[in-house]
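The structure under discussion appears below in the form of structure tokens.
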Amino acid sequence: MKQQNVHYFPGHMRKALNAIAGFVKLVDLVVIVADARAPLATQNPYLYDVIGEKKRLLVLSKSDIADPEETKKWIAYFAKEGTPTIAGDLKKGKILTLIDKTAEPLFTAKREKEARLGMKQQPLRMMVIGVPNVGKSTFINSFRGDKKAKVANKAGYTRSEQWIRVSEKYLLLDTPGILPMNYEDKRKAMTLAILGTMKEEVLPQEEIAYGLLEFLRKYYDPALNSRFGIASLEGKENDDVLLEIAKKRGLLESGVPSLSKASYLLVKEFKDGLLGPYSLEKADA
Ligand SMILES: Nc1nc2c(ncn2[C@@H]2O[C@H](COP(=O)(O)OP(=O)(O)OP(=O)(O)O)[C@@H](O)[C@H]2O)c(=O)[nH]1
Ligand SMILES: [Mg+2]
């Protein structure tokens, strides 16, 4: 990783966190979206300082292409740390039922307070936060469903903030809070590169493919069998595996099998879940 990134990061991060701190004040519930396949690397640890005591819900996205056993463990792990956690395919509506269930105690508390103060019942205000590419927009879209994006113009809200009246019950901040990725840790940076959430120029494609192959060797050795007919990686060099993929898929460069094209394809198929439902981060590790 380039040294300059390390110096550039803190100022950039502070700015994003400050902006999010402003939004957090406006809502009852902060929904953090992270990728179920790497729930630590795809979260920004500094976010929790900004959220403070505010109610939070962690949504692990892309559980349809994650290892189901690992996802179960991660849900337990985060719940134990005090963060209610659910997982799902954000492209499916079922996630909303889960949110509804999880938010129930929040509603009860809110309604009690409103009754106590003689206030009119208000919808629960929520916002969505996450690092790039985790599924924030997908979540917001599925949450608002086919309802017209109604903008609630309320005194006290910043002009630039748009609220979507999702239902009688929910008001959703239209713009997701985007947080910078955490590239400080080398292993996490590789994880993010494999998931395709890192700018391509930061790591060469071959290096990302090597990182993925090392991971597959360790945890999912037969992963390449069904798509590439490579039964096991044992005793094979990374380049041999990539060349085999290049030959099988006819990925050539100047007439010879191309390592970089094979690297690109392997990483792409992995991150699209085509090799199988695998998780890059293990809850037990
Ligand atoms: N398989 C699967 N794909 C998902 C899921 N959620 C999101 N995706 C895909 O992940 C990609 C990124 O989703 P977005 O909703 O654009 O993510 P985002 O967090 O808004 O990304 P930025 O706006 O770049 O920060 C898209 O190709 C989505 O279709 C999910 O639960 N399962
Ligand atoms: Mg988006």
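Coordinate-derived values only; no laboratory data. Since the model is a prediction, treat every value here as computed from it, not as a measurement. Please note: Cβ atoms are built from the backbone with ideal geometry, for glycine as well, and neighbour counts cover all protein chains shown.
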Pairs to check: LYS72/LYS268; LYS25/LYS62; LYS72/LYS248; LYS136/LYS282; LYS110/LYS186; LYS136/LYS169. Give those whose C-alpha atoms are more than 32 Å from each other in this structure. LYS72/LYS248; LYS110/LYS186
Remind me, what semi-axes does region 175-242 give for its equivalent ellipsoid, largest first in whole Å, using sqrt of 5 times each Cα gyration tensor eigenvalue? 27, 13, 11
Mean Cβ neighbour count within 10 Å, used as a protection proxy, ranking 257-265, 243-251, 107-115 highest first: 257-265, 243-251, 107-115
Long-range amide H contacts for LEU171: which residues qualify at under 5 Å (H placed 1.01 Å from N, peptide plane, sequence gap of 5 or more or a different chain)? LEU124, ARG125, MET126, VAL166
Listing MET198, MET13 from the residue with the fewest other Cβ atoms within 10 Å to the one with the most, what is the order? MET13, MET198
Most packed first (mean Cβ within 10 Å per residue), the peptides 270-281, 126-137 order as 126-137, 270-281
For region 240-285, the charge dipole (Cβ of Lys, Arg +1; Cβ of Asp, Glu -1; about the Cα centre) points to a positive end, and the Cα of ALA285, LEU274, LEU251 closest to that extreme belongs to LEU251
Please work out the ratio of the alpha-carbon Rg of the chain to 2.2 N^0.38 Å and round it to two decimals. 1.14
Which of the peptides 162-168, 97-103 is most tightly packed, and how do the rest follow, judged by the mean count of other Cβ atoms within 10 Å per residue? 162-168, 97-103
Amide H to amide H, which residues 5 or more places from ILE32 or on other chains are under 5 Å from it, using H placed in the peptide plane? LEU57, LEU58, VAL59, ILE129
Average projection area in nm² (convex hull over Cα atoms of region 185-285, one quarter of hull surface): 6.6 nm²
Quick one: net charge around THR71, please, counting Lys, Arg +1 and Asp, Glu -1 for every other residue with C-beta under 14 Å from its C-beta. -3
For region 42-82, place one equal point scatterer on every Cα, skip the solvent, and apply the Debye formula. What is log10 of I(q)/I(0) at q = 0.18, 0.24, 0.26, 0.28 Å⁻¹? -0.61, -0.94, -1.03, -1.11
